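Single-structure report; data block below.
Bear in mind these aren't lab numbers, they're just calculated from the coordinates by the rules spelled out. On a predicted model such as this, the values are computed, not experimentally measured, just so you know. Using ideal geometry, Cβ is built from the backbone for each residue, glycine included, and neighbour counts are taken over all protein chains shown.
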Amino acid sequence: MPLDANTPDLRTEFKSVGTRPNRPDGVDKVTGRARFGADFSAPGQLVGLVLRSPHAHAKIKSIDTSAAEALPGVKAVITYKDIPEQAGCDKDVLVNIMARGTALYDGHAVAAVAATDAAVARKALKLIKVEYKVLKHVTDVDEAMKPGAPVIHPGRFEPVEFESLETASHVKGKEEKKTKTRAGSNIAGRYVFGHGDVDKGFKQADIIVEHEFKTEATHQGYIEPHACVASVSTDGMAELWVCTQGPFMVRDVCASLLGMDVSRLRVTPSEIGGGFGGKTTVFIEPVALALSRKAGKPVKVVMSRSEVFRCTGPTSSSSMWVRIGAKKDGTFVAADAVLKYQGGAFPGSPVEMGAMCAFACYDLRNVRIVGYDVVTNRPKQAAYRAPGAPMSAFAVEGVIGEIAEKLGMDAIDIRLKNAAKEGTVSSYGPTFGPVGLVETLEAAKAHKNYKVKLGKNQGRGVASGFWFNFAGNTCVSINLNVDGTLALALGTVDIGGSRASMCLIAAEELGISYDDVRAIIADTSSLGYNDISEGSRVTFSSGLATIKAVRDLKVRMCGRAAKIWGIPEDAVKWENGAAHPAGANAGGFDPLSIKEIAAQASATGGPLAGHYEVNAEGAGPSFATHVCDVEVDPETGAMKVLRYLVVQDAGKAIHPSYVEGQYQGGAVQGIGWVLNEEYFYGKDGTLQNAGFLDYRIPVCSDVPMIDTVIVEVPNPGHPYGVRGVGETSIVPPLACVANAVSSAIGVRARTLPMSPPKVLAALEGVNASKA
Amino acid sequence: MLKVRLGGTLVNKAGGRTEFEVEGANIMQMLRNLGRTCPELEPMLKKGVSVAVDGQIYRDAMLQPVGPDSEIILLPRMAGG
Amino acid sequence: MRYEAPDTIKAAVGLLSKAKGTSRILAGGTDLLVQMRSGMLEPDLVVNIKHIPGMRDIVAEKGGFRIGAAVSGAELEEHGKVGQMWPGVVEATNLIGSTQIQGRATMVGNLCNASPAADSVPAMIAAGATARVVGPKRTRDVPVENIGTAPGKTSLAKGEFVSSVFLPKPPARTGSAYLRFIPRTEMDIAVVGAGIVMTLNAKGVITAARVSLGAVAARALLVDACAKAIIGSTLDEAALDRLAAAASAAAKPITDKRGTVEFRTKVAGVLARRAAVIAYDRARG
Amino acid sequence: MSAVHVSTKINGDDVEFVCRPDESLLDVLRDRLGMTGSKEGCGTGDCGACSVELDGRLVCSCLVMGAEVGGHAIATIEGMAQGDKLHPLQQKFLEGAALQCGICTPGFLIAARSLLERNMDPTETEVRYWLAGNLCRCTGYDKIVRAVMDTAKDMRKAAAKSSAKKPAAKKAAAKKSPAKKTAKKGARHAA
C-alpha cells in the first residue's frame, strides 16, 4: 500500500515520546531574553492608555475630549465614534471594547489616548470630561433574575419562566410553581439537558440529598497583563504584536471590528505569560489599532493589574441547586440540577458546558439539568480553564460526598459504583467511547495518600471531574534544512511547553533525535488558520497535524530516494531516520539517511517540506479524580492543605513533566478558588479588590507538593492515543477541598470561597446547634 | 432516515421537540434538512452547533458521514479555556 | 514632582517646611510607590532620607535600642540583638509583606503610613516604644500610640518627620509576642493583630502588661482592660479567658473585603490568648 | 517634572540614565535601558516578577525609585548567567520543567538565588516562605520548589568537595539567618 500522510499508525512503542527533554524556548525564559507582550517595542511608538468607567452602570451623556486633544504630546484620542459599527461584526465584542452610550460595568472602556509618553497620557486621561447619569446596577446572579431588577439590555431578552431556587418546587414533588420575570429580562438563555424520567427515578431512592450552592467569580490570574503594539500604516497595512492564545482569532476579530481586509493585518504572537482562557478574546487590541490608525504612529498599550481585574474576563459566579437520589447500596437512581451562571454584562456564560459536565462522571438513567445564562453589571466573562465545569462539579460532588457520608460508604467506592465507562450514555447525550474515570478512581484508591492516618481537625476529601476536550482548525509546516535538521512551524501559541511536545512527536515519526527538530510559533501570514490555544486542544490537534505533516514529508523523502535509486516510490519505506528499499526485490541499496537526502535535495528536485491542514476532530474526553487532606483551625477557621493528589487520564503523555505541570497548576488554581479567590463588589457595584494583594491567589507557602498520577487510556481518535490534559485538573478541587473540610470539622461549605470568616461562622452555627 | 436528538437550547427553539427524522449522508446534509423540517432551528444552526456522532463530538466537520444507525445528537457550540 | 536626597536632618526639615502641596518621605518606599502608582497620591516633593547619617543605623542607647527611620525589616532581623530583647517587635516587623518587601520596608514607615492594620505598630505600642519626631521648631519624643490618629493620618505637623524609634530596656523577666491573622500564609494585610508584653515576678506572677490590638479599630488600640485581665495572674485558664473576652470586647472592627465584624471580634480574643501564652513562656525564659 | 540624572552599576557595569522622579527602577530597566527580563505583573510589590537585587538585597524593582539608585549596585536576571554558562538554578529550572509560561521565572530565579546565597540547606517550608512574594499561576509551585531544593543539594555537594581545599565554603554552607526567619513565619501561621 502506498505510504501517505493518512497511513494508519496507532503507535504503542515510543522512543522519543514519553521522555523529558529541555524545552526549546527554555533558555530564553530562564535568562530573561524571551519576549512577552510588554517586551515588544516599535520605533517611534506612542503610549496608549484607556479611560474606564468608575460606575457599575451609567448612561454616558457626553464625552468631551477637546482638552485632552489640546495637550502637547497627545497624538490621538478616541471614543466609540472612532470605531463605527461594521456590518457582520460581533456587536457584544464591539460594545465591550468601548462603551457605546452606556457603561455596563466598573472598568468598562469609555475612551482612549495615545501620547508621547506615559506621564502625558495619564494627564490626558484626566482631561477627558465624561458626563455620566448613574443607573441602578445589579451584580448578583439571583438578584439579577428577580422581577424588578435593573435590566442591563432593555428589550433584548424575552422574559422567560424560571425555576425559583427559593422554592425549587418543580422538583420537590409539589405542584409546579414558577416565578414569571417581568417584561425586560436579564435572562439571556435557558438550557435543558438530560434523559429518562427524573421524578420516577427519585421515587426509587432510599436516600435523597439536595442543597443550594453559590460560587463567586474568579479570575484566570495570569501574571502577564494584556499587552500589544499596533502599527497601522497610512496605506492601511497593519502589524500587531500581542500576547494572546489566538493570534488568528485576534486578526480576524480586529479586522471585522475595524473594517479591514484580513490580508492587511498581520498578527505576531509574543511569548504568552499565562492565559487559562482569559486571552481567547480581544480587549485592547482593536483599541490600539484604532489609536495607531488615527495617530499614524505605532501605539503600545499595556494593561495595569487593576485593569486586568476590572475589565478582562473573570469566569461566571453561580447559584446552583442539586438533588441526587440513591439506593442503600449507593447506586444513583436520579439526579437533578438548576444552574444559574451570570456572564457579566453580555450573554455567553458557560452555563451550557457547566450543565453538560455536571453529571458527566456518572452513569445515570434519570437525569435533568436546567441552566440559565444571566447578565449583570460585571465585566464580560471570559473562558477560564474548563469553563463552567468547576462550579457544577462543586455542587454535584459535594452532594455525592454527603450521600457517601450518610450511607457510610467509602468516597471512592460510591463513585466506582456509578462511574461512567465505555458505552455509558452521558448525561449530556452522547455515548462514551473508551474513557478512564474508573482507572483514575482505582489509582487514587491504591495511592499511599489515601491510606495516611489523619489527626485531630484533619479531614480527607475526594472528587472527580470531567472535561470534553476540543480539537479544531490546525495547520503545521515542517521544512527539511540542508543539513538534515528540521524547522517545525506551528500556529498554536505555546502556553505550557507545547513546542517541546511537538518536537518530540516529529522526532518520533522520523526516527531522529529531538535535538534535530526546532519548533517556532508562526505569525498569521505564514500559516493557514489555526484555532485558539484553548479547550486542551494543542497537544492533540497540533500533535496530530505534526504527525501528518511529517508523514507528508516522509512520502516526499521516500520519493527522492526512489528517484536516486531508480525504483518505484512504493518500493521505498521509511525507518529509523532513513529511506530503505522495501524488501529484497526492491534492490540492494544502502539506506539513505535524512541527512543524505537533505544534502541532495537541491540536486534532486529542490527543497523538501511537509505540511498538513485540518479541522481536527476526535479529541477524547478526559476524567480526573482528586484526593485532598486538610487541617482546620477551629478557633479561626484557617485551613491548611496537608496533602493533594491528582490522578488524571492523559491518553498518552507526550512530555510527562508538562503533563504533571498541567495537573499541578490546575489543582492549585482550584484550591485558590475554594479558599480565598473572589470578586468582591461594594454596594456601589465597583470592584473592591482589583489587585493581587486582596484578590488572593495561592502563594508558594499556601500549598503542599501536588502529587500526580498519569493514567493512560489511549484515545482512539489520535495516532498516539493523546487526550487533552490542560483543563480537567481544575474541575474537582472545589468539591475535593470542601469535602475534606466537612470530614475534618463537620461543616459543609456550600458558598465559595470558604474563607476563614465563613468557615468560622459555620463552625459556630454547628456548635450552637450542638449546645 | 437519520434519527437526530436535540440538546440544550435547541429543544426550546424546536418548541420542546427533542427528536427528528431527516435524510442526509453527512452532517451538512443532515443539518440542511433539519433546518427545512424545523425552520425555528435555522438561526441556531446557522450560528453553529456541535454534533455528537456515536459519542464523538464534531464542531465543524460538516462532511463527516452519518447513517441510519448513527447516534446523532445536536449540542450547543462549545469552546474551552 | 520634585525628588530630593538631603544629607542632614536640618536640610530635610527645611525642604519639608518650605514645600508647597503634598510632600512625602521616602524611606523604604513600599507604601509610597504603591500610592503613587495607583494615582491615590501625586506628591509635589519626595524627600529621600536614606542619605542622612543615622537613618540606617541601629544603636544601643540606655540599655535599649534606637532604630533609624530607614532601617529595613531584613536589617532589623539580621541585627539579632534587638530581636533577643524584643522578639515580639522584630517578629511583627518581619511579618510585613514578602522577602522582597522586607528588603525595603521600615518600622517607622509602617508607623507613619498610619494603617490600622500595620503589623509592627501594636508590637511597638506594647513594648512602650517612643518615636523621635524632628521638625522646624523642636525635636520631641512621642509614644508611638500617639503618632497615628486615623487611617492614613498622623499627628505630625508640617515640616516634621519621624527620624527614629526607641525601644527601651525591658525589666527582668519580660516577654513579648505578636500574632496576626491573615487569610493566606503570607502577602496579606492583617485581618486582626495582637501584640503583648508582660513582666513577671520571681514566682511567675504577671506584675505588668501591655496589650495592643491592630485592625479592629481606626487605629491600633492599647487595651488596659486586657492588661488588667492578666496582671496578678500566672496566666491560668481563667486569666486567659478574661484576656480573650476583654480583647473581643475592646474590638470595634468593620466588615470589609478582608474580614467581618464577627470574625475580627472573635479572633481578636483568640490571638490575644495565643500571643499571651508565647509572651509568658518567653518571660519565664 | 524635573528629570534626574543617575549613575549606577547594573550587573557589574557602569550605567547612566536620566529619568523622571515618578519612574520606578522597573520602568527605568524596561523602558529606558531595554532590560525587559524583569517583568511587571502588578506594579504594587505583590507578585515578585520584577525582583532584582539592590546592594545584594532582594527587592521589587517596581517599589524602588529610579532616582534613588545612584551609587548603588543592581543585579538583574540579565546578569545571572556567566557568559554562556547558566547559573545552576537556571539549569535546574530548565531540566525540572519548573516553568510553564515563564513570565514569573526571572523573578523566581533572582529570589531563589538570594535565598541560596544565605542558606544553602533550606527546608521545603523555608523555600516556600522565602518565595511567597513570587506569584506563579501555572505550575502550582511544586516543580519550582523541587528545582530550588535540588540546586541547593548540588551546591552543597560542590561546596563539600571544594571545602576540602578552602574552608570558606563551609562557613557559607553554615550561614542560616533567613532560615530562622522563614521557619518562624511558618510557626506564626501555625500558631
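Amide H contacts of A:Val572: A:Ala582, each under 5 Å away and 5 or more positions distant or on a separate chain (H built 1.01 Å from N in the peptide plane; Pro and chain starts excluded). All Cα-Cα separations within chain B were binned at 10 Å from zero, giving a P(r) of 20, 61, 19, 1, each value a whole percent of the pairs.
Near A:Asn715: Cβ cut-off under 11 Å, other residues only, Lys/Arg at +1 and Asp/Glu at -1. The net charge is 0.
Using a Förster distance of 41 angstrom, determine the FRET efficiency expected from the C-beta separation of B:Leu63 and A:Met705, and round it to 0.05. Please list the in-between numbers first.
Details: r = 48 Å, r/R0 = 1.17.
FRET efficiency, B:Leu63 to A:Met705: 0.30.
Find, among the GluC sites (Glu not before Pro) in segment A:540-604, those assigned to loop by DSSP (not H, G, I, E, B) with at most 15 other beta-carbon atoms within 10 angstrom.
Counting only loop positions with at most 15 other Cβ atoms within 10 Å, none of the GluC sites (Glu not before Pro) in segment A:540-604 qualifies.
Electrostatic tally near A:Glu534: other residues with Cβ closer than 10 Å to its Cβ, Lys and Arg +1, Asp and Glu -1, net +1. For chain D, find the longest principal axis of its Cα atoms and tell me its angle to the long axis of helix D:105-118, 0 to 90°, nearest 10. That helix lies at roughly 60 degrees to the long axis. FRET efficiency for the C:Ala172 to A:Thr431 pair, using the beta carbon distance and R₀ = 56 Å, is estimated at 0.10.
A straight Cα-to-Cα reach below 20 Å connects C:Lys137 with the aspartates and glutamates C:Asp7, C:Glu160, residues fewer than 8 places away in its own chain not being considered. Could you estimate the translational diffusion coefficient of segment C:174-284 from the Stokes-Einstein equation, with Rh from the Kirkwood formula over C-alpha pairs, at 10 °C and 1.306 mPa s, in whole µm²/s? Calculated translational D: 116 µm²/s. Of the residues A:Ile567, A:Ala506, A:Ala487, the one whose Cα sits farthest towards the positive end of the charge dipole of segment A:471-616 is A:Ile567 (charges of +1 on Lys and Arg Cβ, -1 on Asp and Glu Cβ, taken about the Cα centre).
Could you tell me the center-to-center distance, by alpha carbons, between segment D:80-144 and segment A:674-742 in angstrom? So the separation of the two Cα centres works out to 22 Å. List the lysines whose Cα sits under 22 Å from the Cα of A:Lys75, skipping any in the same chain fewer than 8 residues away. Hits, sequence-local ones excluded: A:Lys123, A:Lys126, A:Lys129, A:Lys294, A:Lys297, A:Lys300. Assuming R0 = 30 Å, can you tell me the calculated FRET efficiency for the pair B:Thr37 and A:Ile208, based on Cβ-Cβ distance, to the nearest 0.05? Once rounded, the FRET efficiency stands at 0.15.
Angle of helix D:177-190 to the longest C-alpha principal axis of chain D, folded into 0 to 90 degrees and rounded to 10: 80°.
Pairs over the 22 Å Cα-Cα cut-off, from the set A:Lys548/A:Lys652; A:Lys61/A:Lys279; D:Lys85/D:Lys165; A:Lys595/A:Lys652; A:Lys421/B:Lys13; A:Lys59/C:Lys257: A:Lys61/A:Lys279; D:Lys85/D:Lys165; A:Lys595/A:Lys652; A:Lys421/B:Lys13; A:Lys59/C:Lys257.
Computed over the alpha carbons of the protein assembly as shown, Rg followed by Dmax gives 32.0, 108 Å. In this structure, the amide hydrogen of A:Leu51, modeled 1.01 Å from its nitrogen in the peptide plane, lies closer than 5 angstrom to those of A:Val110, A:Ala111, A:Ala112, A:Val113, counting only residues at least 5 positions away or on a different chain. If I fit a long axis through the Cα atoms of helix C:237-250 and take the longest principal axis of the Cα atoms of chain C, what angle between them do I get, 0 to 90°, rounded to 10? Orientation of helix C:237-250: about 40 degrees from the principal axis.
What percentage of all Cα-Cα pairs in segment C:2-167 are separated by more than 28 Å? Tail of the P(r) past 28 Å holds 14 percent of the pairs. Could you work out how far the C-alpha centroid of segment A:230-249 sits from that of segment A:501-538, in angstrom? Cα centroid of segment A:230-249 versus Cα centroid of segment A:501-538: 23 Å apart.
List the DSSP H helices in chain A whose Cα atoms stretch 20 Å or more along the helix axis and whose mean Kyte-Doolittle hydropathy is at least 0.0.
Counting only whole DSSP H runs, the qualifying helices are A:389-407, A:538-565, A:656-675, A:756-770.
Summing charges over all other residues whose Cβ lies under 13 Å from the Cβ of A:Ala111, with Lys and Arg as +1 and Asp and Glu as -1, gives +2.
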